[in-house]
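The values are calculated or read from the model by the stated rules, or taken from the named source; none is laboratory data. A quick note: this is a predicted structure, and the numbers were derived from the prediction, not measured. Every residue, glycine as well, gets a Cβ built from its backbone with ideal geometry; the counts of neighbours run over all protein chains shown. In case anyone asks, the SASA skips ligands and DNA or RNA and just uses the protein heavy atoms, side chains included. Shrake-Rupley method; radii C 1.70, N 1.55, O 1.52, S 1.80 Å.
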Amino acid sequence: GGGGGGGGGVRARAFSNKPVDSVYGGPRPASERVTLLKLAGKYARGERISVVTAYDYPSAVHVDLAGIDICLVGDSAAMVVHGHDTTLPITLDEMLTHCRAVARGASRPLLVGDLPFGTYERSASQAVETGIRMLKEGGMDAVKLEGGGPARVAAARAMVDAGIAVMGHVGLTPQAISVLGGFRPQGRNIEEAQQVIEHALALEKAGCFSVVLECVPRAVAAAVTAALKIPTIGIGAGDATSGQVLVYHDLLGFMQHPHHAKVTPKFSKQYAQVGNIITGALQQFRAEVESGEFPSAKFSPYRIKTQDAVDLAESLRRRGMLEAAEAVEQAMAAEVAEVEAAAKAASDGGGKA
């Protein structure tokens, strides 16, 4: 029992499945954690739930600072971080690395980790083992699994029984691209629509605390949301869901590469053009390096004492390193000139005042 160590390098944090008023004393988190109880409260009050993906420490920090409710460590990392064309190649070990980094950066949102392809399909016991690793080694509060067929429902139920909070995911399930024949919307005919609804109901019955609805018509998402008593999180599913999720890189307009522009989904609104800012800054850096403008004196803060510089130049001369000695003297002369110029500018400015 007791306090428990922050294993695997994950910063100690108040997990959502711990009671708010813990029976153990000790320091409380700096900010209020989003827990399953708080999410249920928002849902009951009809307040919409915000979800954004994150894959590393800096993106997690931004998601945290923005006050997002749920931070999803998505297997979409395979595409937007690792450069794959699908989510299938990413491994559990790679996902755990992303999870640990996010857990260090986001202490306030509920953290949900995607179970990657190949780590839960074989059996319910395999799903439980993977889910346990996501919580223990990844620092996640909950996991997400795709699909709502009997095997997936059994896996979800087994994880919930094992004490692992589970988020479901129906509609377009990207890990099933092999069967679906590509990234195509689901629920656009009566049979598919009924299947989406049945899968969502089955996941709720299995104990899932929420269900993601991806790429389904608004009417179908509205039907699922009305039928369920748990929050639905839409992505390309219209505005009738309990909340919305977008991929970090997509909503920020991160990627300028033609390949990425081609696969950015049409349902993803871009709230910024961060990629243009990044490319522009990098181009400016390259130009200033080539011109010699960077680094200026302002960005060259470290100094050697004048006498030490004189002694160094003399030492280099004795060793026959004449060019190196001259380089020391030229650098010191340039520093003196810069200091004198700065002093003159300051005195001229003072005189004008």
Relative contact order (%) - the chain, alpha-carbon pairs under 8 angstrom, separation at least six | 12 percent
Go through Thr86, Thr35 and list them by solvent-accessible area, largest first, probe radius 1.4 Å.
-> Thr86, Thr35
Could you check how much of the accessible area of the chain is carbon and sulfur, as a whole percent, using a 1.4 Å probe?
-> 59 percent
Heavy-atom accessible area per residue of the chain, all protein chains kept, 1.4 Å probe, expressed in Å², is 53 Å²
Could you pull the accessible area for Val102 with a 1.4 Å probe, rounded to 10 Å²?
-> 0 Å²
Please identify the helices of the chain, taking whole runs of DSSP H, that span at least 15 Å along their own axis as judged from the Cα atoms and have a mean Kyte-Doolittle score of -0.5 or higher.
-> 92-105, 124-136, 150-161, 190-206, 274-291, 322-352
Quick one: if the Förster radius is 56 Å, what FRET efficiency do Asp85 and Ser347 give, using the C-beta to C-beta distance and rounding to 0.05?
-> 0.35
For Ile132 and Asn189, what does the FRET efficiency come to when R0 = 41 Å and r is the distance between their Cβ atoms, rounded to the nearest 0.05?
-> 0.60
What do the square roots of 5 times the Cα gyration tensor eigenvalues come to for the chain, in whole Å, largest first, as semi-axes of the equivalent ellipsoid?
-> 52, 24, 21
